[in-house]
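Below: one structure, written as structure tokens.
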Amino acid sequence: PITVSEDASHWTFVFGRDLGATQLRMLDAAGRTVWSGQVQAEEGYVYRVARPDVAGTYLMQVIGDAGQWGLPLLNAGF
């Protein structure tokens, strides 16, 4: 239900269906929250998140009325 693209400084999330009130949480490899936010995710909704300055693997948790997903994200750093 979510596609991810990236550019030099951001990840872009496009929601493929209506998820309702949705919590987004980015975790680092140690499981610490490095960013969180809440959106009203409708089909076609686009949300951009700044990529962290620190290289590594991150997990974007998407928790909404329609379910929960984990999206692994690799950040090469700047």
Review point. For the stretch 43-54, does any single residue satisfy the condition of being loosely packed, with under 15 Cβ neighbours inside 10 Å, β-branched (Val, Ile, Thr) and not in a strand (DSSP E or B)?
Key: yes
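Taking the stretch 62-71 as the search range and keeping residues that are over 10 Å from Ala21 (Cα atoms) and surrounded by fewer than 16 Cβ atoms within 10 Å (Cβ to Cβ), which one is farthest from the chain's Cα centre (by Cα)? So that I can check it myself, show each step before the final result.
Taking the stretch 62-71 first, the residues over 10 Å from Ala21 (Cα atoms) are 62, 67-71.
With the extra rule that they be surrounded by fewer than 16 Cβ atoms within 10 Å (Cβ to Cβ), the set shrinks to 67-70.
Working: Gly67: 14, Gln68: 12, Trp69: 10, Gly70: 9 Å.
Here the answer is Gly67.
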Check your understanding: Can Leu59 be described as modelled with pLDDT under 95, surrounded by 11 or more Cβ atoms within 10 Å (Cβ to Cβ) and within 18 Å of Val4 (Cα to Cα)?
Key -> no
Practice item. Name every residue in the stretch 24-53 that is of a type in the set (A, V, I, L, M), out of contact with any Gly (no Cβ under 8 Å at 6 or more places or on another chain) and within 16 Å of Trp69 (Cα to Cα), in order of residue number. Key: Met26, Leu27, Val39
Point to revise | Search result, residues across the stretch 25-42 that are part of a loop (DSSP other than H, G, I, E, B) and surrounded by 13 or more Cβ atoms within 10 Å (Cβ to Cβ) | key: Asp28
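The values are calculated or read from the model by the stated rules, or taken from the named source; none is laboratory data. As the structure is a prediction and not an experimental result, all values here were calculated from the model. Glycine gets a Cβ as well: all are built from the backbone with ideal geometry, and neighbour counts include every protein chain shown.
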